[in-house]
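J.: The structure that follows is given in the form of structure tokens.
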Amino acid sequence: MKYRRPRHHFRGSWLVAIIAAITATPAIATTSHFGTFSLSPGFKPAAGIVTGHTGGYYSLSDISRRDRDKNACIGFADPQPDHILTLEKDFDRLNIQVNSGGYDTTILIQGPDDKTIRCGDDTGTNKDASFEDKNFKSGTYKIWVGTFNPGVRRNYTLTVQQK
């Protein structure tokens, strides 16, 4: 009588491999940790202020190593964006700043499509991240606020200003 390896053993190996692959691949969600906000040209300054906290072990460079202007995308956050910003109309120029009291923060902005990435790090001598750019098209933007080191929790205020 010939020895035959049980079939369930082979199937079980494939099942374990599939589960490992799924859990190892982070899924970037369409929801956010701290909610959504919408802005139209001429918005009141208070409408562009939201709050949250950093924390996470997901490397933002996994979304993109460099942004559209070749700036490095660095820092650690959660795979899920912190904020979702909807721009009701096009903006000529926006300034986006993080204020965590001077902690070493980073920022990644994805939108209005998945291919357009903007990244920011230190603001002059301040370690808090900021980003100013032109030609923000109407649409939805995912925003991650990260820290230079993984797993660090810091409260912050995110301010969007029309320039």
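The values are calculated or read from the model by the stated rules, or taken from the named source; none is laboratory data. Here the structure is a predicted model, which is why all the values come from computation and not from measurement. All Cβ positions, even for glycine, are placed from backbone atoms using ideal geometry, and neighbour counts span all protein chains on display. These accessible areas exclude ligands, DNA and RNA; they are computed on the full protein's heavy atoms, side chains included. Shrake-Rupley method; radii C 1.70, N 1.55, O 1.52, S 1.80 Å.
J.: Going by what's in this entry, would Gly120 be described as open to solvent by less than 60 Å² (accessible area, probe 1.4 Å) and farther than 18 Å from Asp69 by Cα?
T.: On the way: open to solvent by less than 60 Å² (accessible area, probe 1.4 Å): yes; farther than 18 Å from Asp69 by Cα: no.
No: the conditions fail for Gly120.
J.: Taking Cys73 and the conditions (1) free of Cβ contacts under 8 Å to residues at least 40 places away in the same chain; (2) farther than 15 Å from Thr51 by Cα, which numbered condition does it fall short on, given that it satisfies the others?
T.: Exception for Cys73: condition (1).
J.: Within segment 94-103, does at least one residue satisfy the condition of being assigned to a loop (DSSP other than H, G, I, E, B), at negative phi, free of Cβ contacts under 8 Å to residues at least 60 places away in the same chain and open to solvent by 70 Å² or more (accessible area, probe 1.4 Å)?
T.: No, segment 94-103 has no match at all.
J.: Any chance segment 104-112 includes a residue that's at pLDDT below 95, part of a loop (DSSP other than H, G, I, E, B) and either open to solvent by 20 Å² or more (accessible area, probe 1.4 Å) or touching a Gly at 6+ places or on another chain (Cβ under 6 Å) (or both)?
T.: yes
J.: Could you tell me whether any residue of segment 134-145 is crowded, with 19+ Cβ neighbours inside 10 Å, in a strand (DSSP E or B) and touching a helix residue (DSSP H, G or I) at 6+ places or on another chain (Cβ under 7 Å)?
T.: So far as segment 134-145 goes, yes, one or more of its residues are crowded, with 19+ Cβ neighbours inside 10 Å, in a strand (DSSP E or B) and touching a helix residue (DSSP H, G or I) at 6+ places or on another chain (Cβ under 7 Å).
J.: Further, regarding this structure: Scan segment 146-156 for residues that are closer than 17 Å to Gly120 by Cα and either among the aromatic types (Phe, Trp, Tyr) or open to solvent by less than 50 Å² (accessible area, probe 1.4 Å) (or both) and report the count.
T.: 4
J.: Among residues belonging to segment 113-133 that are of a type in the set (Asp, Glu) and not in a loop (DSSP other than H, G, I, E, B), point out the one that is nearest to Arg154 (Cα to Cα).
T.: The initial filter retains those residues of segment 113-133 that are of a type in the set (Asp, Glu), namely 113-114, 121-122, 128, 132-133.
Among the residues that remain, those that are also not in a loop (DSSP other than H, G, I, E, B) are: 122, 128, 132-133.
Numbers: Asp122: 16, Asp128: 11, Glu132: 22, Asp133: 25 Å.
It comes out as Asp128.
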